[in-house]
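The values are calculated or read from the model by the stated rules, or taken from the named source; none is laboratory data. This is a predicted model, so every value here is computed, not measured. Note that we place each Cβ from the backbone using ideal geometry, even for glycine, and neighbour counts take in every protein chain shown. Surface accessibility is based on the protein's heavy atoms, side chains included, excluding ligands, DNA and RNA. Shrake-Rupley method; radii C 1.70, N 1.55, O 1.52, S 1.80 Å.
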Amino acid sequence: MKNIVILISGRGSNMRALVESPIPGAQIAAVVSNKADAEGIIWAAQHGLSTQVVLPKQYAQRDDFDEALMNTIDQYQPDLVVLAGYMRILSSTFCLHYAGRLINIHPSLLPAFTGLDTHQRALDAGCRVAGCTVHFVTPELDAGPIISQGVVPIQENDTAAALAARVLMVEHQLLVRAVADFVSGSLTTVGNRVKHTPPAISTTAVLLA
Ligand code: GRF
């Protein structure tokens, strides 16, 4: 059985998607938050999951916090650590400690729009499509090998909130599938490219005027 530890900071809808779509051969060993009152950590505790809160303000230095976070996570002997709406930047030490077993879901089609405020930035740039990306985490922010992406057309008169809601629905499906693919051993990384075995479904081009 593969152990999955999920890190969250807020609502936790991606975490819920993972909890509500059991993956053969995997269990959610723990949900960890950097905020005690995060909606997601309260939901996880109410649903019988192991939960931990590691508060940044209890540590003088970022490195001390990251070490405490690693110690907390490592109690669960994770095969995979999932950043599912975890809103703190993690140190290189942390990223390297979990190299190859740390994934993130990001609400844009990377490498476009790393960081925050992705939907408004996609609208401001006049993009015809937006979307989300699941990728392995490396020390560089939002830059690791891409596992999968979901594309969401931008509509006339779209708003950041409306777009975010449509992208979020896709995030849930994308994250569950990426975790299942990781757990089944179908992902291998060569350089910056992730190979899926069997190959991921090929897609046809879609023209968006
Ligand atoms: C998601 O859009 C995720 O991609 C981003 O933050 C949001 C978290 O949503 N990093 P939730 O907490 O999973 O509902």
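What the table shows:
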read-out	value
Criterion: more than 15 Å from the ligand (Cβ to nearest atom) and over 21 Å from Met15 (Cβ atoms) - qualifying residue of Gly191, Gly115	Gly191
All positions within the range 1-15 that are of a type outside the set (A, V, I, L, M, F, W, C) and not in a strand (DSSP E or B)	Ser9, Gly10, Arg11, Gly12, Ser13, Asn14
Boolean, Val137 is within 11 Å of the chain's Cα centre (by Cα), open to solvent by 10 Å² or more (accessible area, probe 1.4 Å) and assigned by TED's automatic domain parsing to the domain that holds Leu207	yes
Residue in the range 139-160 that is touching an Asp or Glu at 6+ places or on another chain (Cβ under 6 Å) and closer than 30 Å to Pro24 by Cβ present	no
Residue identified as exposed (fewer than 13 other Cβ atoms within 10 Å of the Cβ) and closer than 30 Å to Ala209 by Cβ among Gly48, Gly115	Gly115
Every residue from the range 159-174 that is within 11 Å of the ligand (Cβ to nearest atom), closer than 19 Å to Cys127 by Cα and without any contact (Cβ under 8 Å) to a residue 12 or more places away in the chain	Ala165
Strands (runs of 3 or more DSSP E) contained in the range 144-209 and holding at least 3 residues open to solvent by 60 Å² or more (accessible area, probe 1.4 Å)	146-153, 187-190
Qualifying residue in the range 81-102 (condition: in contact with a strand residue (DSSP E or B) (Cβ under 8 Å, 6 or more places away or on another chain), over 29 Å from Ser184 (Cβ atoms) and not assigned by TED's automatic domain parsing to the domain that holds Gly150)	no
Cross-chain or 6+ apart pairs with Cβ under 6 Å, the range 105-121 first and without any contact (Cβ under 8 Å) to a residue 40 or more places away in the chain, then more than 9 Å from the ligand (Cβ to nearest atom) and part of a loop (DSSP other than H, G, I, E, B)	His106/Asp142; Leu110/Asp142; Thr114/Leu141; Thr114/Asp142; Arg121/Phe113
Qualifying residue in the range 1-8 (condition: at pLDDT 95 or above, open to solvent by less than 40 Å² (accessible area, probe 1.4 Å), out of contact with any Pro (no Cβ under 7 Å at 6 or more places or on another chain) and near the ligand (Cβ under 10 Å from one of its atoms))	yes
Answer residue from the range 67-83, given it is closer than 18 Å to Gly100 by Cβ and of a type in the set (D, E, K, R) and is surrounded by the most Cβ atoms within 10 Å (Cβ to Cβ) among those	Asp79
Those helices (runs of 4 or more DSSP H) lying entirely in the range 24-105 with at least 3 residues away from the ligand (no atom under 16 Å from the Cβ)	62-74, 92-97
Positions within the range 114-126 being closer than 15 Å to Val170 by Cβ and of a type outside the set (Gly, Ala, Ser), in sequence order	Thr118, His119
